[in-house]
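Here's the structure we're looking at; comments come further down.
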Amino acid sequence: MKLTGGMGKGKRLAVPAYLSRPTSAKVREVLFQLISDEIQDAKILDLFAGSGALGLEALARGASNAIFVEKHYKVTEIIKKNIQTCSFDDKAHVFKADVLSFLTRKSILNSPFHLIFADPPYKINFLEKICGILDKMRLLEQDGIFIYELSSREQLSVPENWTVYKEKIIGDTKLLFLKQNL
């Protein structure tokens, strides 16, 4: 797997052998084309980070910093390796933690994020729980975007104080672009 754009374009990323579904290059390219105006100097939170490709793409395209959250130790080590490969050591932090538990630890997160990516295992609906925590902990900036990746065959109900302002299907993947109704 390689980064698809920005100053890291073409850098090869390690992917855990047992990670069954990393976000494809095509999906990442489409995603970052759709949010290109939102990246510059953005604070990024990459949940269920896997290889870290989403957060690393954002950093390569001008985001100011990124936090990666992944619960598997071996996977967090791969994310750290990918951060070093891309020379983003000073802009990235990796946490080995359960995503839902991590999001409730406000002291670690300091301030809200402009872009939050969530790529949980397909067929496990975390959308409502994550949106609830983002609301309660005020983790998304007022004009921030929450991007949730799921299978194109899945249908999820969106919590009432959130709006899907854009939806994009790329092959087997669906991207939901959500904003809070403030």
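Modelled spin-label separation between Ala17 and Asn161, with each label point placed 7 Å from Cα along the Cα-to-Cβ direction: 4.6 nm.
Close amide H contacts of Ala49 (hydrogens built in the peptide plane, cut-off under 5 Å, sequence separation of 5 or more or a different chain): Val69, Glu70.
Quick one: work out the % antiparallel among DSSP beta bridges in segment 1-160, nearest 5.
On the way: 1 of 20 bridges.
That works out to approximately 5 percent antiparallel.
Grab the Cα-Cα distance for Gln33 and His93, subtract it from 0.36 nm times how many residues apart they are, and report the gain in nm with one decimal. Show your work: numbers first, answer last.
Values: separation 60, 0.36 × 60 = 21.60 nm, distance 2.47 nm.
Fully extending the segment from Gln33 to His93 adds 19.1 nm.
Using 0.36 nm times the number of residues separating Gln40 and Ile169, minus their current alpha carbon distance, what extension gain do you get?
Values: separation 129, 0.36 × 129 = 46.44 nm, distance 2.47 nm.
That pair, Gln40 and Ile169, stretches by 44.0 nm at full extension.
With a 10 Å radius around each residue's Cβ, average the other Cβ atoms per peptide and rank 26-33, 131-138, 65-72, 165-172, highest first.
Working: 26-33: 17.8, 131-138: 16.0, 65-72: 22.1, 165-172: 12.8.
Per-residue Cβ counts within 10 Å, averaged per peptide and sorted highest first, yield 65-72, 26-33, 131-138, 165-172.
Ordered by the count of other Cβ atoms within 10 Å of each Cβ, fewest first, Leu156, Leu54 give Leu156, Leu54.
Read-outs: derived from the displayed coordinates by stated rules, not from any lab. These numbers were taken from a predicted model, which means no experiment stands behind them. Every residue, glycine as well, gets a Cβ built from its backbone with ideal geometry; the counts of neighbours run over all protein chains shown.
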